[in-house]
Amino acid sequence: MKEERKWNMIVKERTKPEELVILQTLKARMELEEKDAQNLRTLEKGYEGEVHFDHWFTNHIVESLIINDLLLEVNGTHFQIDSLVITQDRLHLFEVKNLEGDYYLDGDKFKTVAGTEIKNPLHQLSRAESLLKQLLKNLGFYIPLEPHLVFINPEFALLQTPLKSPIILPNQLNRFMDKMNRTTSKLTNKHTKLAEALLSLHIKKSPFSRVPGYDFDRLRKGVICEACGEFLESYSRNKFICRQCESQEHIESVVIRAAKSFQLLFPERKVTTATLYEWIDARIPPKTIRRVLKSNFSAKGECSSTYYE
Ligand SMILES: [Zn+2]
């Protein structure tokens, strides 16, 4: 971590959750069951909201350390944090929701105006808050924690929002940021240590991941357009052009993407020229695949049994 900083610094960038990437890849190559398709839509919507949140948060100009997408564990219990912002005198804990439509709070229940109850995000936030408090205590850090529940979608409304609550509604986002930016903050080594401690505890493999079963033989083979998900047919002058969205991609980039998606779906299998040739349904000659793999991955093994990592 750099010592000199002007204001905020992102110490952990947000990346697309692996579960989401896998489901998006599978969707193109097999028929998803309704529950998996629903899970995919929920994940896509959630991720879209978090990206929107990150964009809004670039307005934050107070000296701080930002950690996105943390998955932590305390006493055997996992919890997820969308964004954690370390400032001089406190930790801001952000839970981001991308719901749209009209909702209301019925006592302890969170409902749509039609009366359908959904999981109360306030409960989720207070759970994360108390588990994080516990973890900080275990680590020996004493710093106040301020939880926020951000509804980022401009089409969201909460009728009768309680006055004292961690809720930030879409029409309050600007004022909330102004208020945050009016505080002064000077970070020290102690804050850096806290960020490092939390980062080191981040769990990479989510135990919540719900991915359906699949096997190589039954997945549809071929090359998929990155922009629209359509299968690409053939290339000319080293470029594939998508028939559906007309986006273009160099064959080298197509091979790299295909190899990466194969690695993601089949981490236990080796990437070889022959496997990849089958994976992309023979759209690119083995000679080209081998050349691209050689220059972008590291080759292991000998001659005919060469594989790439
Ligand atoms: Zn396309």
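In percent, rounded to a whole number, the relative contact order of the range 1-158 is 23, using alpha-carbon pairs under 8 Å and six or more apart. Please work out how much length the chain gains when fully extended from Asn296 to Lys164, using 0.36 nm per residue of separation minus the C-alpha to C-alpha distance, in nm with one decimal. The Asn296-Lys164 span can extend by a further 42.1 nm. The coefficient of translational diffusion for the range 1-82, derived via Stokes-Einstein from the alpha carbon Kirkwood radius under 10 °C and 1.306 mPa s, stands at 105 µm²/s.
Rounded if a/c is under 1.5, else prolate if a/b is larger than b/c, else oblate: which is the range 91-156, with a ≥ b ≥ c the root eigenvalues of its Cα gyration tensor? Since a/c reaches 1.5 and a/b is larger than b/c, the shape of the range 91-156 is classed as prolate.
Give the residue list of GluC sites (Glu not before Pro) in the range 106-190 that are DSSP loop and have at most 12 other beta-carbon atoms within 10 angstrom.
Working: sites: Glu117, Glu129, Glu155; in loops: Glu155.
Passing both the DSSP loop test and the Cβ count: Glu155.
Farthest toward the positive end of the dipole of the chain, out of Leu70, Leu23, Phe110, is the Cα of Leu70, where the dipole comes from beta carbon charges about the Cα centre.
Extension gain, Glu226-Asn174: 0.36 nm per intervening residue step, less the Cα-Cα distance, totals 15.3 nm.
A compact globular protein would have a Cα radius of gyration near 2.2 N^0.38 Å; the ratio found for the chain is 1.19. Sequence-ordered 3J(HN,Hα) estimates for the range 93-108 from the Karplus curve with 6.51, -1.76 and 1.60 and θ = phi - 60° stand at 9, 10, 10, 10, 10, 10, 5, 10, x, 9, 10, 8, 9, 10, x, 8 Hz, glycine and proline given as x.
Just in the range 223-309: which trypsin sites (Lys or Arg not before Pro) are loop by DSSP and have at most 15 other Cβ atoms within 10 Å? List each step's numbers first, then the result.
Numbers: sites: Arg237, Lys239, Arg243, Arg257, Lys260, Arg269, Lys270, Arg283, Lys287, Arg290, Arg291, Lys294, Lys300; in loops: Arg237, Arg243, Arg269, Lys270, Arg283.
Sparse-neighbourhood loop trypsin sites (Lys or Arg not before Pro): Arg237, Arg243, Arg269, Lys270.
Loop sites by DSSP among the chymotrypsin sites (Phe, Trp or Tyr not before Pro) of the chain, restricted to those with at most 14 other Cβ atoms within 10 angstrom, leave 8-141 as the longest stretch without any of them. The phi torsions of the range 287-304, fed into the Karplus equation with coefficients 6.51, -1.76 and 1.60 and a -60° offset, translate into couplings of 4, 5, 4, 4, 4, 5, 4, 4, 8, 10, 10, 9, 7, 10, x, 10, 5, 5 Hz, rounded to whole numbers, with Gly and Pro shown as x.
Here Gln124 and Glu196 are evaluated by their C-beta separation; at R0 = 25 Å the FRET efficiency comes out at 0.40.
Using the alpha carbons alone, the radius of gyration of the range 225-309 stands to its Kirkwood radius in an Rg to Rh ratio of 0.97. The relative contact order of the range 144-237, computed from alpha carbon pairs under 8 Å that lie at least 6 residues apart in sequence, is 15 percent.
Read the figures in this text as sums done on the coordinates, not as results from a lab. Since the model is a prediction, treat every value here as computed from it, not as a measurement. Counting neighbours? That spans all protein chains shown, and the Cβs are built from the backbone with ideal geometry, glycine included.
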